[in-house]
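The values are calculated or read from the model by the stated rules, or taken from the named source; none is laboratory data. Bear in mind that the values here come from a model prediction, so they are computed numbers and not experimental data. Here the Cβ is made from the backbone with ideal geometry for all residues, glycine too, and neighbour counts use every protein chain on show.
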DNA sequence: CTGCAAATGTTATAATGTTTCAAATTTTGC
DNA sequence: GCAAAATTTGAAACATTATAACATTTGCAG
C-alpha cells in the first residue's frame, strides 16, 4: 500500500507525499490513533523533504505556516509518528524522515548520501537475519535496530557536488 | 593484541583498562599520532566505565581531576580517539565507549542493554557482508556503518533491574 | 451536560555540540 | 641550537537539540 520512493530519481513528489498521507490516515484509523491536524501537518512537512528534517526545521516550517509552535509540539508529534511507524529518526543525523514502508513490519536500513543528503530506506531481510543471529549468539534479546550507512549515492559518485 | 572485554561478566577491569592504554600507545606510535596527556586521560576515563560515557560526563570527571576543561577540550580529544579507532561513538546514546578491537580493521556492531546500560561490541563479518551487499545493490558506495542494537543482555533477561 | 482522558499551549531549562580566536607547545628545516 | 611552521590546548561565547513542568483546551463516553 505504501507510496514507494523511487530511490535517487526524479518523480512526482507531490503525489508521493499525498499517497503517504492517505496511507497514514488508514494506518491510524486501524490503530485507533488520532492523526490530528498538527501531526498530519508535521508528517506532510517531513515527506515534502527528501532529506531528513531536524525537529527545529519542522518547527521553522510550522512557524512560517503562521502556527505559533514551540519545541514540545514538534517533538510530541514526532514521537507519535515514530510510535506508529510513520517516520523514522536517523540517529546519526538527529533528523527525521518519512517511512517508506509504513504499515509493513520491517527494520529500516538507511543509505545516507554525505554529498547530497538524500536518504534511501531499504529493508534487507538478509541483513536483519544476520543481525538477529549475531545478537542471539551472545544471548542478547534484540528489540530495536539502528542501521545507518553513510556514503555516496549513485548520482553523487559520478556528478559530485550537486543538489 | 587488544584487551578483550569479557561480555557481561565480572573481570579485572583495572587490568583491562591498563591494557587498553598500552595498546593505545602502541597504535598511536605506529600511526605517528600524539597520544597527549589529555587524550590519554580521556581514553582512560572512558575505559573505566563499562557504560558509554557522554562528552559532558567526561568533562565532569576531568573537572573533578582538577583539570579546568571546557567542552571543546573533550570533543577534540574524543574526535582524535575516534579518528584513530580507539573509541566509538554510539549515535543512539550520544555517548562514547572504548573500542575493544582497536588496531584491527572492523566495523563495530553494538549490543546495548536498555536495562543495565552495558554495551558489547561485536564484529560480525556476516553482517558486514550483507550490509555491503545491500548497499551496493542500490549502487551506493558505503563508507561508514552505524549499527546499534538495543535490547536486553543475558543477565538482565533473568534478573531484571540490577546494576 | 459532565467529567475524564488525551492532546496542545507555554515557559523555562537542560543537554549536547560548535565557532572563534588567542596562547602555548611540539615539530621541522636550517 | 634556533626560528618558522604546524599542531595542540585554553577560553569565552554561542548554536543546536531535547525535555520538564504545569496550564489549558479538545474530544469523547456515559
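Any residue at all in the stretch A:83-93 that's surrounded by fewer than 18 Cβ atoms within 10 Å (Cβ to Cβ), more than 14 Å from chain B (Cβ to nearest Cβ) and either within 16 Å of DNA strand D (Cβ to nearest atom) or not in a strand (DSSP E or B) (or both)? Yes, there is a match, as at least one residue in the stretch A:83-93 is surrounded by fewer than 18 Cβ atoms within 10 Å (Cβ to Cβ), more than 14 Å from chain B (Cβ to nearest Cβ) and either within 16 Å of DNA strand D (Cβ to nearest atom) or not in a strand (DSSP E or B) (or both). For residue B:115, the stated conditions hold: it is part of a loop (DSSP other than H, G, I, E, B) and either more than 17 Å from the chain's Cα centre (by Cα) or free of Cβ contacts under 8 Å to residues at least 24 places away in the same chain (or both). Anything in the stretch B:115-157 that is in contact with a helix residue (DSSP H, G or I) (Cβ under 8 Å, 6 or more places away or on another chain), surrounded by fewer than 16 Cβ atoms within 10 Å (Cβ to Cβ) and more than 9 Å from every other protein chain (Cβ to nearest Cβ)? List them, or say none. If the condition is that a residue be in contact with a helix residue (DSSP H, G or I) (Cβ under 8 Å, 6 or more places away or on another chain), surrounded by fewer than 16 Cβ atoms within 10 Å (Cβ to Cβ) and more than 9 Å from every other protein chain (Cβ to nearest Cβ), then no residue fits. Taking the conditions exactly as written (touching a helix residue (DSSP H, G or I) at 6+ places or on another chain (Cβ under 6 Å), within 14 Å of chain B (Cβ to nearest Cβ) and either within 23 Å of residue B:147 (Cα to Cα) or in a helix (DSSP H, G or I) (or both)), does residue A:102 satisfy them or not? So residue A:102 fails the test. Residues of the stretch A:79-94 that are within 13 Å of DNA strand C (Cβ to nearest atom) and closer than 25 Å to residue B:144 by Cβ: A:91, A:92, A:93, A:94. Filtered by the rule that a residue be in a strand (DSSP E or B) and modelled with pLDDT under 95, the stretch A:123-142 gives a lone residue, A:123.
Yes or no: the stretch B:30-42 includes at least one residue that is away from DNA strand D (no atom under 14 Å from the Cβ), touching a strand residue (DSSP E or B) at 6+ places or on another chain (Cβ under 6 Å) and assigned to a helix (DSSP H, G or I). No, the stretch B:30-42 contains no residue that is away from DNA strand D (no atom under 14 Å from the Cβ), touching a strand residue (DSSP E or B) at 6+ places or on another chain (Cβ under 6 Å) and assigned to a helix (DSSP H, G or I). Only residues that are surrounded by 14 or more Cβ atoms within 10 Å (Cβ to Cβ) and in a helix (DSSP H, G or I) were counted across the stretch A:57-74, and they come to 8.
Restricting attention to the stretch A:67-82, the residues being more than 14 Å from every other protein chain (Cβ to nearest Cβ), within 13 Å of DNA strand D (Cβ to nearest atom) and within 12 Å of the chain's Cα centre (by Cα) number 1.
Selection of the stretch B:36-77 for residues being in contact with a helix residue (DSSP H, G or I) (Cβ under 9 Å, 6 or more places away or on another chain), at pLDDT below 95 and under 20 Å from residue B:21 (Cβ atoms) yields B:49, B:50, B:65, B:67, B:69.
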